[in-house]
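So the structure is just underneath, and the comments pick up after that.
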Amino acid sequence: MFKKYSKLQNGSDIRGVSLTGVPGEPLSLREDEAREIAIGFVIWLSEKLGKKPEELVLAIGRDPRTSGPRLLDGLMDGFGLYDCRVYDFGLASTPAMFMATVFPEFQCDGTVMITASHLPYNRNGFKFFTVEGGLNKKDITQILKYASDKDLQIEKIGQPPMEGKQTHRLGKLVFEAEPADIMTPYCEHLKQLIVEGAGMGEQPLRGMKITVDAGNGGGGFYATRVLKPLGADISSSQFLEPDGMFENHAPNPEDREAMNSISLKVVGSGSDLGIIFDTDVDRSAAVDSRGREIARNGIVAMAAALVAEDHPGTTVVTDSITSRQLTEFLEKELGLRHLRFKRGYRNVINKAIELNEEGTDSQLAIETSGHAALKENYFLDDGAYLATKIVIKAAKLFAEGRKIDSVIDKLENPADEKELRIPVLAEDFSAYGDRVLEDLKAYAKATEGMSLEEPNYEGVRINFTGDASGWCLLRKSLHDPLLPMNIAADEKGGCAAIQKKMMDFLNQYEELGDA
């Protein structure tokens, strides 16, 4: 029965197609699916907390996607069957939904954010939280198993007590959530952090011009409700109004068009700093006053530099595609330790938590995508929190007549970078990918000018010397039948030489497509 919903699982999230209009993408996440998934969450959470369903306090928030209200109705139909108390927070950010489990005025047992992060407008999905943080992959698998099996639902918590007791609205049987506001206390929380962190009175940002680009996602509040009340000039900010069609550019700090857009705006307006968010505000990146991106390796370096001020020598856990130059910056310039781990924000967060439990101090888990989770902030990947840390530092430097780029001015970048995505055409693409990677290890060991990076926790990472100086990482995609290949070279144009050496090896595999 699990097969019914298993394809909706995307690691530690649930994602599907919620709007028609895109050829080849049939609807897969509608009100009916939302209702069953809500029941699955109730069963899972009741078991975890040892509470009866009617004792649970839950909350729902959503990003601006137009399918959000319908999915909220579906979730409420499921939660309402068990008479759970449910807050409807309306438009919210993913990190704020976690804070609803922390803030004393709510203290929710569990929350759901309706979002598909940076995916296109026709997609949507769910992220779940308890006071322990975001759910892991195995938790989502269990929720979907419960959602898929009516007999198992009855076995676990019995027949829904509210069946047949719904209220009527517009001719449809639905339950009503309790309207509530999570964004006001969340914004006040961020404002207080800036006031206390900057230490320059109630308007520490007076005189600063900060450009915020929300990409018409959910991050516009940061400009209007956090920065402006603290004295910042936000007049150059763009795309702050929520619009679920995202017509200006993708709300995604990894998107080239999005980063070019904010960079041009910062330079053209003479801003001191730029901040860009993804749709649900769990990721962010920055731009300095000269329009240069602080993203990918740069945002890792920036976050690590800010953490290093209070936690010298801590271990920074990152994803697998970070550069050699970043490692040198973290370890030689900042005196930190760098653990290059796996892709997937839950992977880096869980590894940092594991290190702390084992006695190794790890204050920061961060992906080059902009997911940054700090120990001081519940290991929550919160783009607005990271932005707040950057704004605090920028305000202090501004008062000294300096700029934010000075924090990472010693970070060097690869001379040339490239990413390829190689389709795996085999029916069992996972097993075929494993075979390719195992063969590649043997090939690298036997080939002059190639050596395996050790230790390595994901895929095969190879260091190249000679006429192709740099590195390459070939790995399996977390979710798709693909082998992503990241290449970085020490000289301009050097990626082509590394790519040729890799393709000389990969071309022997008939069930690999063209990159």
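The values are calculated or read from the model by the stated rules, or taken from the named source; none is laboratory data. What you are looking at is a predicted structure, and each value in this text was computed from that prediction instead of being measured. Here the Cβ positions follow ideal geometry from the backbone for every residue, glycine too, while neighbour counts run over all protein chains shown. We work out accessible area using only protein heavy atoms, side chains counted, and drop any ligands, DNA or RNA first. Shrake-Rupley method; radii C 1.70, N 1.55, O 1.52, S 1.80 Å.
The portion of the accessible surface of segment 373-515 made up by carbon and sulfur, rounded to a whole percent, is 45 (1.4 Å probe; DNA, RNA and ligands excluded).
Measuring nothing but protein heavy atoms, the accessible surface of segment 53-202 at 1.4 Å probe radius is 51 percent carbon and sulfur. Heavy atoms of the protein chains alone define the surface here; on that basis segment 69-223 has 39 Å² accessible area per residue at 1.4 Å probe size. Across the alpha-carbon set of segment 341-409, the Rg to Rh ratio works out to 1.06, Rh being the Kirkwood radius. Computed over segment 201-264, the quotient of the alpha carbon radius of gyration and 2.2 N^0.38 Å is 1.16. Tally Lys and Arg at +1 and Asp and Glu at -1 over the other residues with C-beta under 13 Å from the C-beta of residue 476: what net charge comes out? Result for the local shell: 0. Per the Debye formula on identical point scatterers at the alpha carbon atoms of segment 302-356, with no solvent, log10 I(q)/I(0) at q = 0.19, 0.24 Å⁻¹ is -0.62, -0.96. When only alpha carbons are used to place a centre, segment 332-394 and segment 207-239 end up 25 Å from one another.
Pairs of Lys residues in segment 362-457 that lie 8 or more places apart, or on two chains, and have C-alpha atoms under 20 angstrom apart add up to 7. Computed over segment 161-296, the P(r) tail beyond 26 angstrom holds 34 percent of alpha carbon pairs.
Of 502, 394, 451, which is farthest on the positive side of the dipole of segment 391-515, counting Cα position, with +1 on Lys and Arg Cβ, -1 on Asp and Glu Cβ, and the Cα centre as origin? Farthest towards the positive end: 394. Taking R0 as 25 Å, what FRET efficiency do you get between residue 150 and residue 70 from their Cβ-Cβ distance, rounded to the nearest 0.05? It comes to 0.65.
Over segment 444-515, with the other protein chains present, what is the accessible area per residue in square angstrom, probe 1.4 angstrom? In whole numbers, segment 444-515 has 49 Å² accessible per residue. Using the alpha carbons alone, the radius of gyration of segment 370-443 stands to its Kirkwood radius in an Rg to Rh ratio of 1.23.
Using a probe radius of 1.4 angstrom, the carbon and sulfur fraction of the accessible surface of segment 239-341 is 44%. Taking a straight line from the alpha carbon of residue 476, these aspartates and glutamates sit under 16 Å away, with near neighbours fewer than eight places off in the same chain left out: 319, 419, 427, 428, 434, 438, 439, 458, 511, 514.
Accessible surface for residue 209 stands near 50 Å², nearest 10, in the context of the full protein assembly shown (1.4 Å probe). Among the trypsin sites (Lys or Arg not before Pro) in segment 210-292, those located in a DSSP loop and surrounded by at most 10 other Cβ atoms within 10 Å of their own Cβ are 290.
Taken along its principal axes, the alpha carbon cloud of segment 221-314 reaches lengths of 44, 29, 25 Å, longest axis first. Computed from the Cβ-Cβ distance with R0 of 30 Å, the FRET efficiency linking residue 292 to residue 480 stands at 0.40. Distance from the Cα centroid of segment 111-139 to that of segment 472-486 is 23 Å (rounded to whole angstrom). Taking N as the residue count of segment 1-147, its C-alpha radius of gyration divided by 2.2 N^0.38 Å amounts to 0.96. Residues 400, 427, ordered by accessible area of protein heavy atoms at a 1.4 angstrom probe radius and largest first, appear as 427, 400.
Of the three principal axes defined by the Cα atoms of the chain, the extents in descending order read 74, 62, 48 Å. Taken about its Cα centre, the chain carries a charge dipole of about 280 debye when Lys and Arg each add +1 at the Cβ and Asp and Glu each add -1 at the Cβ. Taken about its Cα centre, segment 302-367 carries a charge dipole of about 360 debye when Lys and Arg each add +1 at the Cβ and Asp and Glu each add -1 at the Cβ.
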